[in-house]
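**Student:** There's a structure below that I have some questions on.
The values are calculated or read from the model by the stated rules, or taken from the named source; none is laboratory data. Note that the coordinates shown come from a computational prediction; the quantities given were computed from them, not determined experimentally. Please note: Cβ atoms are built from the backbone with ideal geometry, for glycine as well, and neighbour counts cover all protein chains shown.
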């Protein structure tokens, strides 16, 4: 990925996220209200994730789980029982992701890139794999598209954490390295299209 690629990618992120926020502001507000009423708490949920250069970022999403003790598993399939009634709908149609347009606008995320992971994964990358950390994490990306049914995959195995660590996570690293090495803005448009209509 060249400096020109980075410049055009960021310019697209700014223009598209601003347009998206203007267009979807009523939808975000409605989703926030539904989530707040359903969970009896703030309808927004702020998550600590690993961002560019391994720095911690705060990702904004619509809340899809009932409040608990704050001890969630990094393996999403283990948290299924905590998903709220509205959360199932919001997750199915990816509406819970819309507030991340704020993250894209301020530059902590991009539309396309590696998904922002919980501490303990991306921040522990070694050697050439650390090139992934030069990318802003994305709302979607090639790894996200391949593993769009990740929760179902992990729910079907005996040891979800081991399967994630040994199979899914290394494959995501490989995919994200390929994304960096073969980057093009046209492919970003294709990933966004596949995410929305795939």
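**Student:** State the number of residues belonging to segment 1-27 that are out of contact with any helix residue (DSSP H, G or I) (no Cβ under 8 Å at 6 or more places or on another chain) and touching a residue at least 12 places away in the same chain (Cβ under 8 Å).
**Tutor:** Applying the first criterion (out of contact with any helix residue (DSSP H, G or I) (no Cβ under 8 Å at 6 or more places or on another chain)) to segment 1-27 yields 2-4, 6-7, 10-11, 15, 19, 22-23, 25-26.
Still in the running and touching a residue at least 12 places away in the same chain (Cβ under 8 Å): 10.
Here the count works out to 1.
**Student:** Moving on. So which of 170, 160, 142 is at pLDDT 95 or above and crowded, with 16+ Cβ neighbours inside 10 Å? Before the answer, list the steps.
**Tutor:** Working: 170 fails: crowded, with 16+ Cβ neighbours inside 10 Å; 160 fails: at pLDDT 95 or above.
After applying the criteria, what remains is 142.
**Student:** Checking residue 198 against (1) touching a helix residue (DSSP H, G or I) at 6+ places or on another chain (Cβ under 7 Å); (2) surrounded by 14 or more Cβ atoms within 10 Å (Cβ to Cβ), which single condition isn't satisfied?
**Tutor:** With respect to (1) touching a helix residue (DSSP H, G or I) at 6+ places or on another chain (Cβ under 7 Å); (2) surrounded by 14 or more Cβ atoms within 10 Å (Cβ to Cβ), residue 198 is out only on (2).
**Student:** I would also like to ask the following. Looking only at segment 2-29, count how many residues are more than 16 Å from residue 104 (Cα to Cα) and within 21 Å of the chain's Cα centre (by Cα). Write out each step before concluding.
**Tutor:** Taking segment 2-29 and keeping what is more than 16 Å from residue 104 (Cα to Cα), we get 2-5, 26-27, 29.
Going one step further and asking which of them are within 21 Å of the chain's Cα centre (by Cα), we end up with 27, 29.
Residues flagged as more than 16 Å from residue 104 (Cα to Cα) and within 21 Å of the chain's Cα centre (by Cα) within segment 2-29 amount to 2.
**Student:** Here are 152, 144: which of them is more than 16 Å from the chain's Cα centre (by Cα) and assigned to a helix (DSSP H, G or I)? Reasoning before the result, please.
**Tutor:** Values: 144 fails: more than 16 Å from the chain's Cα centre (by Cα).
On inspection, the qualifying residue turns out to be 152.
**Student:** Sticking with this structure for a sec: Determine which single condition residue 179 fails, assuming it passes every other condition in (1) loosely packed, with under 15 Cβ neighbours inside 10 Å; (2) in a helix (DSSP H, G or I).
**Tutor:** Result: residue 179 passes all but (1).
**Student:** Next up: Being over 30 Å from residue 130 (Cα atoms), surrounded by 14 or more Cβ atoms within 10 Å (Cβ to Cβ) and at pLDDT 95 or above is true for just one of 21, 37, 33. Which residue is that?
**Tutor:** So the residue among 21, 37, 33 that is over 30 Å from residue 130 (Cα atoms), surrounded by 14 or more Cβ atoms within 10 Å (Cβ to Cβ) and at pLDDT 95 or above is 21.
**Student:** Do we find that residue 184 is surrounded by 15 or more Cβ atoms within 10 Å (Cβ to Cβ), over 18 Å from the mean Cα position of the chain (by Cα) and farther than 19 Å from residue 58 by Cβ in this structure? Steps first, please.
**Tutor:** Values: surrounded by 15 or more Cβ atoms within 10 Å (Cβ to Cβ): no; over 18 Å from the mean Cα position of the chain (by Cα): yes; farther than 19 Å from residue 58 by Cβ: yes.
Taking the combined requirement at face value, the residue does not satisfy it.
**Student:** Count, please, the residues in segment 80-115 that happen to be in contact with a strand residue (DSSP E or B) (Cβ under 8 Å, 6 or more places away or on another chain), at pLDDT below 95 and either part of a strand (DSSP E or B) or surrounded by fewer than 16 Cβ atoms within 10 Å (Cβ to Cβ) (or both).
**Tutor:** 2
**Student:** Here's a follow-up. Quick one: which residue in 118, 157 is part of a loop (DSSP other than H, G, I, E, B) and in contact with a helix residue (DSSP H, G or I) (Cβ under 7 Å, 6 or more places away or on another chain)?
**Tutor:** Being part of a loop (DSSP other than H, G, I, E, B) and in contact with a helix residue (DSSP H, G or I) (Cβ under 7 Å, 6 or more places away or on another chain) holds for just one of 118, 157, which is 157.
**Student:** Any residue in segment 45-68 that is over 24 Å from residue 113 (Cβ atoms), surrounded by fewer than 16 Cβ atoms within 10 Å (Cβ to Cβ) and either under 16 Å from the mean Cα position of the chain (by Cα) or free of Cβ contacts under 8 Å to residues at least 24 places away in the same chain (or both)?
**Tutor:** Scanning segment 45-68 turns up at least one residue that is over 24 Å from residue 113 (Cβ atoms), surrounded by fewer than 16 Cβ atoms within 10 Å (Cβ to Cβ) and either under 16 Å from the mean Cα position of the chain (by Cα) or free of Cβ contacts under 8 Å to residues at least 24 places away in the same chain (or both).
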